[in-house]
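Have a look at the structure below, then the notes.
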Amino acid sequence: MNLLILAATGNVGGQIITQLQQTGHAVRAVTRDPDRARFPADVEVMRGDLSEPDTIAACLNGIDAVFLLWPLHTGKQLPAVLEVIARQARRVVFLGTGGVPDFSFEEQEWLAHGCGIESTMIRPSTFAVNTLWWADQIRAGDIVEGAYGALPMSLIHEADMAAVAVRALTEPGHDGATYTLTGPEVLTQADQVRVIGEALGRPLRWRELTREEARRRLLADETFPDSFVDVLLDGYAAMLAGPPPTLTTTVQDVTGAPARSLRQWATDHAADFG
Ligand SMILES: NC(=O)c1ccc[n+]([C@@H]2O[C@H](COP(=O)([O-])OP(=O)(O)OC[C@H]3O[C@@H](n4cnc5c(N)ncnc54)[C@H](OP(=O)(O)O)[C@@H]3O)[C@@H](O)[C@H]2O)c1
């Protein structure tokens, strides 16, 4: 099959490309900046921008199946992008997002499953890579400061999202499915810090901040986008007020292998904290 991977330089897209290397499928990767992006030699690279659907249409020649995620802060162009994909490919795998206020996950799901070609939706829990927001603090010492330390989450490894996406892209039998993915455990943010410390061989500890203190800290962090600070803290407050996450076995059901733990994720990413 000929596969098109959008957001191919990202955490999930990069893992999909790595995992597809062993499968013998032809892979085309899309990035906004082909000169900067680094891919394995046998991956074809094309320029495309999801905010300009015509540029995506130009990448779809000869493509059978497409991996799509939505990194933009508005879903305005999402219907047009799904339309150009449905015109040229016969299968789409879409990792949905809670990050676009104008399209709920259910609306994204409705659009994808209604686009006229085989479709699979992936609904992931919080990404484990989000814990890299603490990397600077972990490099500087053994304390991680933040708000809502008691917030329980199930963090998912990007390799598990990719493994599910690869199955859905390359095998029959996933049309119409919505796969809700979680990691294998529920951990509070304070516990996440401890588990990352265990993987790194460090006595890491959480220190609770008030919301206002955490807000100031994130605004002062040059690597963290200011526009995302209140969105994140509001999201955490809402999650804390709601029920704790429910674990699913979908990663195991689809791929045959259990979801990777946070400890495994932190071991895989030890260099990112060094
Ligand atoms: N973090 C979470 O907890 C969470 C939970 C649920 C869903 N999600 C979804 O996952 C996404 C992040 O995925 P990720 O971690 O794999 O990505 P990432 O590592 O954050 O990288 C962003 C990717 O999006 C691409 N991109 C950005 N703007 C683009 C545009 N205008 N046109 C085309 N490509 C564009 C970038 O490609 P180039 O720069 O090379 O063009 C890059 O490959 C979020 O945006 C959200 O949709 C996240």
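If the condition is being more than 14 Å from the ligand (Cβ to nearest atom), of a type in the set (D, E, K, R) and not in a helix (DSSP H, G or I), then the range 115-139 contributes only E118. Within the range 33-51, can one find any residue that is part of a helix (DSSP H, G or I), open to solvent by less than 50 Å² (accessible area, probe 1.4 Å), in contact (Cβ under 8 Å) with a residue 24 or more places away in the chain and more than 9 Å from the ligand (Cβ to nearest atom)? There is no residue in the range 33-51 that is part of a helix (DSSP H, G or I), open to solvent by less than 50 Å² (accessible area, probe 1.4 Å), in contact (Cβ under 8 Å) with a residue 24 or more places away in the chain and more than 9 Å from the ligand (Cβ to nearest atom). Is it the case that some residue within the range 182-193 is in a strand (DSSP E or B), under 19 Å from the mean Cα position of the chain (by Cα) and not assigned by TED's automatic domain parsing to the domain that holds T18? Yes: the range 182-193 contains one or more residues that are in a strand (DSSP E or B), under 19 Å from the mean Cα position of the chain (by Cα) and not assigned by TED's automatic domain parsing to the domain that holds T18.
Of the set (1) among the small types (G, A, S); (2) open to solvent by 10 Å² or more (accessible area, probe 1.4 Å); (3) part of a helix (DSSP H, G or I), all apply to A168 but (2).
Pairs linking a residue in the range 4-23 that is assigned to a strand (DSSP E or B) to a residue that is within 6 Å of the ligand (Cβ to nearest atom) and open to solvent by less than 10 Å² (accessible area, probe 1.4 Å), with Cβ atoms under 6 Å and 6 or more positions apart or on different chains, are I5/G13. If the condition is being closer than 20 Å to H157 by Cβ and surrounded by fewer than 19 Cβ atoms within 10 Å (Cβ to Cβ), then the range 12-32 contributes T18, Q19, Q21, Q22, T23. The helices (runs of 4 or more DSSP H) found entirely in the range 216-274 that carry 2 or more residues being in the same structural domain as A140 (by TED's automatic domain parsing) and closer than 20 Å to H73 by Cα are 226-241.
Checking the condition touching a residue at least 60 places away in the same chain (Cβ under 8 Å), within 10 Å of the ligand (Cβ to nearest atom) and within 22 Å of S261 (Cβ to Cβ), which residue from L151, L155 passes? Outline the logic, then answer.
Details: L151 fails: within 10 Å of the ligand (Cβ to nearest atom).
Matching residue, one of L151, L155: L155.
The values are calculated or read from the model by the stated rules, or taken from the named source; none is laboratory data. Keep in mind the model is a prediction, meaning the values are calculated, not measured. Counting neighbours? That spans all protein chains shown, and the Cβs are built from the backbone with ideal geometry, glycine included. Ligands, DNA and RNA are stripped out before the accessible areas are found, and what is left, the full protein with its side chains, is counted by its heavy atoms. Shrake-Rupley method; radii C 1.70, N 1.55, O 1.52, S 1.80 Å.
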